[in-house]
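Here's the structure we're looking at; comments come further down.
The values are calculated or read from the model by the stated rules, or taken from the named source; none is laboratory data. Note that the coordinates shown come from a computational prediction; the quantities given were computed from them, not determined experimentally. Ideal geometry is used to build each Cβ from the backbone, glycine not excepted, and the neighbour counts take in all protein chains shown. What goes into the accessible areas is simple: the full protein's heavy atoms, side chains included, and nothing from ligands, DNA or RNA. Shrake-Rupley method; radii C 1.70, N 1.55, O 1.52, S 1.80 Å.
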Amino acid sequence: MTDAHVAPQLGNVEPFFAMLDHLAKSDEDLVFMGDIFDLWIGHARYEGAEHRRFLAWCRDQKQRRRIGFVEGNHEFYVVRRHRECFTWSDEAALARRDLGLLIVHGDLINRADTQYLRWRKLSKSWGMRWFIRLLPFGGRLVQRLKKNLKNTNKEFRLGLPKEALAAYADEQLDGKVRRIVVGHFHAAHRVQVGEGVLDVLPDWYATGQIAVFRPEEQVLKTIPWSEYAAP
């Protein structure tokens, strides 16, 4: 699943954890593909009850299944701080070469969006991490920077970058990788390259949908989470 944007002010904390309780009835591997929270700074002074609750769920479920986590652009330093809570984790992408699968959040795909790429490099740097940890108003600083970013580069944020997605698919679908799963863009989209496929997933925030991947058949489908049933 991707792009849940969970936050108390958005009223979706309990629906999100209701979904987790539902998924806990199965033993299939799970991957969280970024922007699970609307803002998550991986430091104790900025983490709320919802972040701690999610980490506790992941630690528990990790004992009975594999849990993957890819950091999104609304999450900062989470993998560096909480790597032990997940079976696999990465700040940008997870490669499951054994399954022919590449899982990415997707915010690095549109290389034409240079303003965002500069922001990402700065905001996720070690220097910014220490700056935020040390300053008493560090959390407010991140919120302000994110708010300012939302008011710029609208030409990149409001549309699906189909050409960039096609170029990324052509580059990554090399035979060893047969399927790419992407979040971030909040809209379903598919790119076919030979026998390889790139799928952009719909966001959980607006649709409540999750993706189910069956590696044996190389079949991926999206469904409302309440319709998921363990095989």
May I ask you to give the solvent-accessible area per residue for the chain, in square angstrom, as obtained with a 1.4 angstrom probe?
50 Å²
Counting only DSSP beta bridges with both partners in the chain, the antiparallel fraction in percent, to the nearest 5, comes to 45 percent
Given charges at Cβ of Lys, Arg, Asp, Glu: the chain dipole, positive-most of 185, 42, 106:
42
Over 25 Å (Cα to Cα) among 25/124; 121/162; 121/221; 62/121 -> 25/124; 121/221; 62/121
Ignoring ligands, DNA and RNA, how do 119, 225 rank by accessible area with a 1.4 Å probe, largest first?
225, 119
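So if I place +1 on the C-beta of Lys and Arg and -1 on the C-beta of Asp and Glu, and nothing else carries charge, what would the dipole magnitude of segment 1-122 be about its Cα centre? I want it in debye, nearest 20.
It comes to approximately 440 debye.
Rounded to the nearest 0.05, what FRET efficiency do residue 10 and residue 212 have when you use their Cβ-Cβ distance and R0 = 30 Å?
On the way: r = 25 Å, r/R0 = 0.83.
It comes to 0.75.
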Starting from 0.36 nm per residue, how many nanometres of slack lie between residue 65 and residue 81 once their C-alpha separation is accounted for?
3.6 nm
